[in-house]
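Notes follow once the structure below has been shown.
The values are calculated or read from the model by the stated rules, or taken from the named source; none is laboratory data. Owing to the predicted nature of the structure, the values given are computational and were not obtained by experimental measurement. Quick reminder, even Gly has a Cβ in these numbers, built from the backbone with ideal geometry, and neighbours come from all protein chains shown.
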Amino acid sequence: MVVVMEPKVQEVKIQNVIEHLKEMGFEIHRSDGVTHTIIGAIGDKTGIDIRQLEILEGVHEVIRITDPNKLSSRSFKKEDTIIDINGVKIGGDEVVVAAGPCAVESREQISIIAKAVKKYGGKILRGGAFKPRTSPYSFQGMGETGLKLLREAATKHELLMITEVIDVSQISLVSEYADILQIGARNMQNFMLLAEVGKLRKPVLLKRGMSSTIKEWLMASEYILKGGNQNVILCERGIRTFEDYTRNTLDISAVPVIKKLSHLPIFTDPSHGTGIRDKVIPMARASIAAGADGLIVEVHHDPDHAKSDGAQSLYPEQFDEMMKELQIIAKAVGRFID
């Protein structure tokens, strides 16, 4: 359930309510909104008389939440979550773009691409150091060397850095270098991994599983939120359908659906969502028009020789074209790209 406190209530009254809830056996999750403090109480409500809480000083109302995705729901928090990472605000009025290669291949490669990402308006450098591949014979990434090269390029060009963590054993290592941890589609329901990153306070971008429903996706986010990490970004990256012309089917409708159901920011990944270079920009445009808070796209200066996903990677000049078009669309829907 959710306990909504009165506007500008004294902290001592908030703590009093929290103590009462703890005595009742609830796990507490606090959210300080613009006008109200909201206390989420997770646990067995059997036999609980909510009137015991409603009469406490400072309590505005008590709401029972029937949705299984309690912490990610609008019932728990009505205001959009805005994640501030070194001054880059995700979930606010600015549309934030992450871009870079599918995989780090060399210092020269990541340096050239990072320079282009910065030049054309990207705020986050993306790139894989550990690559979960369908085939065990495909390029698996450069490991920690790749992490070092990503961090070096991101710092040099004043960009944030996001990269994927694919196993619990990697969390500590990847966290040393990355500003944002990515949980890929294949790991969306790796509940042990989700629970472990939930113990951190570092932002996590959670991609939708390729065969997952929106409900399952939101439930996956609950594992991170329940651990205390409120810095979760959802990412629609395309789902598997009967259509085989594109690599996946980018579910643009998921954007407004998530906006209605959840307070969490949402990105889309038109690169993985289509798998075809000339389809990336149109789907990026559609994503921003639908209300996405940001994008994560693949960019490579020499995609024909990329070790991973070259066919869906934009050339730097195409990335420039996309960013210029997105500025126009963002303005049309009341947002901006800096």
Would a scan of the stretch 192-200 turn up a residue that is closer than 24 Å to SER271 by Cα, assigned to a loop (DSSP other than H, G, I, E, B), out of contact with any helix residue (DSSP H, G or I) (no Cβ under 7 Å at 6 or more places or on another chain) and not small (Gly, Ala, Ser)?
no
Considering every residue within the stretch 54-74, establish whether at least one is surrounded by 15 or more Cβ atoms within 10 Å (Cβ to Cβ), among the polar types (S, T, N, Q), over 13 Å from PRO265 (Cα atoms) and modelled with pLDDT under 85.
yes
Could you check how many residues of the stretch 244-269 are within 20 Å of ASP93 (Cα to Cα), in a loop (DSSP other than H, G, I, E, B) and touching a strand residue (DSSP E or B) at 6+ places or on another chain (Cβ under 6 Å)?
3
Candidates VAL97, VAL117, filtered to the one that is touching a Lys or Arg at 6+ places or on another chain (Cβ under 7 Å) and at pLDDT 95 or above:
VAL97
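Keeping to the stretch 202-246, report how many residues are basic (Lys, Arg) and either surrounded by 19 or more Cβ atoms within 10 Å (Cβ to Cβ) or at positive phi (or both).
So the first thing to find is which residues in the stretch 202-246 are basic (Lys, Arg), and the list is 202, 207-208, 215, 226, 237, 240.
This time we only want the ones that are either surrounded by 19 or more Cβ atoms within 10 Å (Cβ to Cβ) or at positive phi (or both), so: 207-208, 237.
Residues that pass the stated criteria total 3.
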Can you pull out the residues in the stretch 70-113 that are within 13 Å of the chain's Cα centre (by Cα) and either without any contact (Cβ under 8 Å) to a residue 40 or more places away in the chain or at positive phi (or both)?
ASP84, LYS89, GLY91
Looking at the stretch 289-312, is at least one residue among the polar types (S, T, N, Q) and in contact with a Cys (Cβ under 7 Å, 6 or more places away or on another chain)?
yes
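I want to confirm something. Restricting to the stretch 75-124 and keeping residues that are small (Gly, Ala, Ser) and not in a loop (DSSP other than H, G, I, E, B), which single residue is surrounded by the fewest Cβ atoms within 10 Å (Cβ to Cβ)?
Of the stretch 75-124, the ones small (Gly, Ala, Ser) are 75, 87, 91-92, 98-100, 103, 106, 111, 114, 116, 121-122.
Next, from what is left, pick out any that are not in a loop (DSSP other than H, G, I, E, B): 98-100, 103, 111, 114, 116.
On the way: ALA98: 29, ALA99: 31, GLY100: 31, ALA103: 26, SER111: 14, ALA114: 28, ALA116: 21.
Residue satisfying both the conditions and the ranking: SER111.
Would you confirm, using the coordinates I've provided, whether GLY228 is in the same structural domain as GLU164 (by TED's automatic domain parsing) and in a loop (DSSP other than H, G, I, E, B)?
yes
So is ILE18 part of a helix (DSSP H, G or I), surrounded by 14 or more Cβ atoms within 10 Å (Cβ to Cβ), at negative phi and free of Cβ contacts under 8 Å to residues at least 24 places away in the same chain or not?
Working: part of a helix (DSSP H, G or I): yes; surrounded by 14 or more Cβ atoms within 10 Å (Cβ to Cβ): yes; at negative phi: yes; free of Cβ contacts under 8 Å to residues at least 24 places away in the same chain: yes.
It is true that ILE18 is part of a helix (DSSP H, G or I), surrounded by 14 or more Cβ atoms within 10 Å (Cβ to Cβ), at negative phi and free of Cβ contacts under 8 Å to residues at least 24 places away in the same chain.
Quick check on this structure: which one of ASP251, ASP302, ASP293 is in the same structural domain as LYS118 (by TED's automatic domain parsing), buried (at least 23 other Cβ atoms within 10 Å of the Cβ) and either acidic (Asp, Glu) or at positive phi (or both)? Walk me through it before giving the result.
Details: ASP251 fails: buried (at least 23 other Cβ atoms within 10 Å of the Cβ); ASP302 fails: buried (at least 23 other Cβ atoms within 10 Å of the Cβ).
So the residue among ASP251, ASP302, ASP293 that is in the same structural domain as LYS118 (by TED's automatic domain parsing), buried (at least 23 other Cβ atoms within 10 Å of the Cβ) and either acidic (Asp, Glu) or at positive phi (or both) is ASP293.
Can you find a residue in the stretch 271-281 that is without any contact (Cβ under 8 Å) to a residue 24 or more places away in the chain and under 23 Å from GLY100 (Cβ atoms)?
yes
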